[in-house]
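Every number in this text was worked out from the coordinates using simple rules, so none of it is lab data. Being a predicted model, the structure only gives us computed values, none of them experimental. Here the Cβ positions follow ideal geometry from the backbone for every residue, glycine too, while neighbour counts run over all protein chains shown.
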């Protein structure tokens, strides 16, 4: 599959990562091979709860059904977290091209994620850093992490970075953004007037280029994040972002239709000031590692 990044894109990205002028934004693909995919979670829940529709691989819709039938969203989220995320084996952070390990090398103060796992914090700890994990208080009854209440203002650093979980962490089932209602509630609260994102997170979103790893254009997550969270950034202040993307998996497509789809999506992303690498998170990190090694 053709890659769309230019040499200038690669040089800019490497400079930004090495200078800490970048905010990594991790999605489900970053943990591929170690965590169940959204489709796998959806199918498992659909089979368990007798989901009657054909889109059994759509987690947001399946879980909306599960919650609607069960009537207790927190309970169902807790069951899902215990079944699929507790006691999972971590990636091998000694592998230089492992996505979390690679990102942990850089002097970056803020890491954002919509994943429920703690892999990013673990990779940072493996590098000898002291990360702090915080969860976005989008859900009812949540309060802001006390770390943001310091009188002088909270200032994460390269050796003491923050990993901010926008869509929750498996350690707190209430915080998980899974169902359609969750996504809507999250967007209303975060993109509305409640101002629940702390200043340091808003700054990381608005003033630094974002590196999206592990998303696809079809993800609700990607659309909500980019359309909702970045909508308030004035155009003249917007940076050039980068995203690692997979094309839709449509095996019946011809080479011609796949090329046309890729051309359309590249243009779509370019209008949003996003440069695209077409491939998996692992492929991207392997190439990035090789390029970084070639610099030294």
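May I ask you to verify whether residue 42 is part of a loop (DSSP other than H, G, I, E, B) and surrounded by 14 or more Cβ atoms within 10 Å (Cβ to Cβ)?
Values: part of a loop (DSSP other than H, G, I, E, B): no; surrounded by 14 or more Cβ atoms within 10 Å (Cβ to Cβ): yes.
No.
Kindly list the number of the only condition in (1) under 25 Å from residue 156 (Cα atoms); (2) touching a helix residue (DSSP H, G or I) at 6+ places or on another chain (Cβ under 9 Å); (3) not in a loop (DSSP other than H, G, I, E, B) that fails for residue 15.
(2)
Restrict the check to segment 178-195 and report whether at least one residue is in a loop (DSSP other than H, G, I, E, B), over 18 Å from the mean Cα position of the chain (by Cα) and either within 30 Å of residue 11 (Cβ to Cβ) or touching a residue at least 40 places away in the same chain (Cβ under 8 Å) (or both).
The first filter runs over segment 178-195 and keeps only residues in a loop (DSSP other than H, G, I, E, B), leaving 178-179, 192-195.
Narrowing the set further to residues that are over 18 Å from the mean Cα position of the chain (by Cα) leaves 192-195.
With the extra rule that they be either within 30 Å of residue 11 (Cβ to Cβ) or touching a residue at least 40 places away in the same chain (Cβ under 8 Å) (or both), the set shrinks to none.
Scanning segment 178-195, I find no residue that is in a loop (DSSP other than H, G, I, E, B), over 18 Å from the mean Cα position of the chain (by Cα) and either within 30 Å of residue 11 (Cβ to Cβ) or touching a residue at least 40 places away in the same chain (Cβ under 8 Å) (or both), so the answer is no.
Which of the residues that make up segment 115-130 are crowded, with 20+ Cβ neighbours inside 10 Å and part of a helix (DSSP H, G or I)?
Let us first name the residues in segment 115-130 that are crowded, with 20+ Cβ neighbours inside 10 Å, namely 115-121, 123-124.
Within segment 115-130, 119, 120, 121, 123, 124 qualify.
Among the residues of segment 131-154, which ones are under 21 Å from residue 24 (Cβ atoms), outside any helix (DSSP H, G or I) and more than 21 Å from the chain's Cα centre (by Cα)?
Within segment 131-154, the first condition is being under 21 Å from residue 24 (Cβ atoms), and the residues that meet it are 131-136, 138, 145, 147-148, 154.
Among the residues that remain, those that are also outside any helix (DSSP H, G or I) are: 131-136, 138, 145, 154.
154, the sole residue that qualifies.
Can we say residue 85 is surrounded by fewer than 22 Cβ atoms within 10 Å (Cβ to Cβ), in contact (Cβ under 8 Å) with a residue 40 or more places away in the chain and out of contact with any helix residue (DSSP H, G or I) (no Cβ under 9 Å at 6 or more places or on another chain)?
Working: surrounded by fewer than 22 Cβ atoms within 10 Å (Cβ to Cβ): yes; in contact (Cβ under 8 Å) with a residue 40 or more places away in the chain: yes; out of contact with any helix residue (DSSP H, G or I) (no Cβ under 9 Å at 6 or more places or on another chain): yes.
Spelling it out, residue 85 is indeed surrounded by fewer than 22 Cβ atoms within 10 Å (Cβ to Cβ), in contact (Cβ under 8 Å) with a residue 40 or more places away in the chain and out of contact with any helix residue (DSSP H, G or I) (no Cβ under 9 Å at 6 or more places or on another chain).
Within segment 102-114, can you find the residues that are out of contact with any strand residue (DSSP E or B) (no Cβ under 6 Å at 6 or more places or on another chain) and crowded, with 17+ Cβ neighbours inside 10 Å? So that I can check it myself, show each step before the final result.
Kept after step one, since they are out of contact with any strand residue (DSSP E or B) (no Cβ under 6 Å at 6 or more places or on another chain), are these residues of segment 102-114: 102, 104-109, 114.
Passing the criteria: 102, 104, 106, 108, 109, 114.
Taking segment 45-63 only, how many residues are more than 21 Å from the chain's Cα centre (by Cα) and in a helix (DSSP H, G or I)?
5
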